[in-house]
Amino acid sequence: QVQLVESGGGLVQAGGSLRLSCVVSGSIFSINIMGWYRQAPGKQRELVATISSGGSTNYADSVKGRFTISRDNAKNTVYLQMNSLNSKDTAVYYCNVWGVGFEYWGQGTQVTVSS
């Protein structure tokens, strides 16, 4: 059984930083893309950032220059360093991984930015 366990969310003041982690465990082979999505209250889930197995990254325009995604393939872990947070970043953040024939989601971690 594959599990994605996120951590690192919480309450932070505007301008602050948080680092999210997502550890993938279980029987899984060759993860292609690892990524982070978020869903704010009353809004649809949206892409935040993705990273390929080769290290290519993709960011939503709203987080470019502030967030950095990285991954440790040996540990099946993906990270999201979030700097200069603002109230618009408040959301539940979800880890996502996919490869050939599979896609998995984490349970989500709450990030709340107070102004």
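Overview of values
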item	result
Residues located in segment 70-82, provided they are more than 14 Å from residue 59 (Cα to Cα) and not charged (D, E, K, R)	73, 74, 76, 77, 78
Residue count, segment 41-66 (criterion: at pLDDT below 95 and closer than 19 Å to residue 2 by Cβ)	1
Selected residue [over 24 Å from residue 102 (Cβ atoms) and in contact (Cβ under 8 Å) with a residue 40 or more places away in the chain] from 12, 2	12
Sole exception among (1) at pLDDT below 95; (2) farther than 22 Å from residue 13 by Cα for residue 107, by number	(1)
Breaking point among (1) in contact with a Lys or Arg (Cβ under 6 Å, 6 or more places away or on another chain); (2) not in a strand (DSSP E or B), for residue 74	(1)
Residue list for segment 1-49, restricted to those being aromatic (Phe, Trp, Tyr) and not in a loop (DSSP other than H, G, I, E, B)	36, 37
Subset of segment 11-40 [crowded, with 17+ Cβ neighbours inside 10 Å and either on the phi > 0 side of the Ramachandran plot or at pLDDT below 95 (or both)]	31
Residues of segment 67-97 satisfying the condition of being more than 14 Å from the chain's Cα centre (by Cα) and open to solvent by less than 40 Å² (accessible area, probe 1.4 Å)	85
Residue list for segment 50-63, filter: more than 17 Å from residue 91 (Cβ to Cβ) and outside any strand (DSSP E or B)	53, 54, 55, 56
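The values are calculated or read from the model by the stated rules, or taken from the named source; none is laboratory data. Just so it is clear, the model here is predicted, and its values are computed rather than measured. We place every Cβ from the backbone using ideal geometry, glycine too, and count neighbours over all the protein chains shown. Remember, those area values only see protein heavy atoms, side chains included, never the ligands or the DNA or RNA. Shrake-Rupley method; radii C 1.70, N 1.55, O 1.52, S 1.80 Å.
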